[in-house]
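Every number in this text was worked out from the coordinates using simple rules, so none of it is lab data. Model, not experiment: these values are computed from the prediction. Here the Cβ is made from the backbone with ideal geometry for all residues, glycine too, and neighbour counts use every protein chain on show.
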Amino acid sequence: MRCRSLPAFVIAAIAVGAVCGFPAATVASPLDDARAEAARVEQQLETQGQHVSELDERYNQARLAAEGAEAELARADGALDESGDRLARARAQLVTHATVAYIHGGSAPVLDQLVRTPGQDLGVRRRYLQTALDVADRAVDRVRTAQRDLSRHKDALARARDVSRGAADRLAADRDAAAAAASVQQATLGRVRHEVSRLIAEDEAKAAATLAAAAAKRPVARPTPGASGAPAAPHPPVVGGGSPAAGAGLAVAEAARQLGKPYEWAGAGPDSFDCSGLTMWAWRAAGVQLSHSAEYQFSETHRVELTDLRPGDLVFFGDPIHHVGIYVGGDTMIEAPHTGAVVRYATIWRADLIGAGRP
């Protein structure tokens with residue numbers, strides 16, 4: 001089979017395109033591919049980190065519920081012991097009255113000690129004794145009823161504690177699986193970033209060689225007097241934004257001292273933190289006690305409009321709430337974001353920002 005030659009008009013069109021400089025199809029470079037892959041993995045890691053953050057918050061709430069049930073159970077145990085003592089005393093009193101009634105049969109010396117009302121006949125005194133027996137018997141019944149109620153309450157508390165513990169254990173297992181997946185993605189991201197760095201270094205080396213070759217072919221340019229080619233100094237991130245109250249200033253300063261420390265699930269310092277652990281730690285330095293839970297901290301703080309934020313205020317994210325940071329001014333917060341990240345500055349303007357609170 002013989003190959004057919006291209007038509008003349010096609011050849012002419014190709015030639016015209018080459019002469020006129022029509023753009024050719026763009027082919028992505030290895031560096032572009034590596035950067036796109038890094039962006040994709042970073043997005044996956046951010047999503048996975050938010051999932052871990054949500055599990056972390058739910059675990060913190062389950063743990064606090066279990067601790068609360070445990071404390072209630074301890075109080076119920078104490079109340080049950082006290083009711084046991086009251087029951088023993090009431091029974092002893094009842095036995096005493098019954099023994100007196102049985103042995104002495106209402107004899108005057110014993111009844112005189114019980115009633116001490118001279119001038120009354122024996123029948124009246126016996127009725128007094130029977131009344132005393134009835135009172136003691138009812139006291140025993142009341143204590144028994146209270147004791148049964150306490151026992152049922154204690155059983156309910158024990159079940160609630162076990163449910164909370166079970167929920168915390170399941171959430172811990174889910175969180176470990178999610179954190180393991182995030183760790184794999186973090187390792188992948190590290191390899192991709194390394195490849196990006198290598199390709200950038202190659203491109204920079206090629207560019208430097210090209211510039212050096214071009215510089216060797218032209219005379220050295222003398223700088224114009226008074227002109228300066230020095231680049232502008234970079235500006236640090238804005239973290240101001242007003243003068244906080246004394247306590248808030250201490251909290252912000254304490255949060256800033258934790259910058260760079262790793263995120264750790266359920267971490268509450270001093271070497272690692274989760275989001276609510278960081279804000280709890282920061283405000284503890286100012287003498288304010290907060291719970292180790294973003295949702296609990298939302299309930300423990302006074303609502304603040306986002307237009308009235310001051311340094312030290314807490315900003316909350318998610319519905320249900322699963323993340324919190326401490327505002328430092330300039331639309332910036334300090335946060336412990338997610339597994340694989342460190343305590344850092346970040347903008348407060350995220351899609352899941354739901355409100356703010358002032359301790």
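For every other residue with a beta carbon closer than 12 angstrom to the beta carbon of Leu250, add +1 if it is Lys or Arg and -1 if Asp or Glu, then tell me the sum.
For residues surrounding Leu250, the net value is +1.
Compute the Cα gyration tensor for the range 291-340, then decide on rounded, prolate or oblate, letting a ≥ b ≥ c be the square roots of its eigenvalues: rounded whenever a/c is under 1.5, prolate when a/b is larger than b/c in the other cases, and oblate in all that remain.
Oblate, because a/c is 1.5 or more while a/b does not exceed b/c.
Express in nm, to one decimal, how much length is gained between Arg40 and His302 on full extension, taking 0.36 nm for each residue of separation and deducting their alpha carbon distance.
90.4 nm
Please sort 255-265, 71-81 by packing, taking for each peptide the average over its residues of neighbouring beta carbons within 10 angstrom, highest first.
The densest-packed peptide leads the list: 255-265, 71-81.
Going highest first, how would you order 51-63, 272-284, 291-303, 149-161 by mean Cβ packing within 10 Å?
272-284, 51-63, 291-303, 149-161
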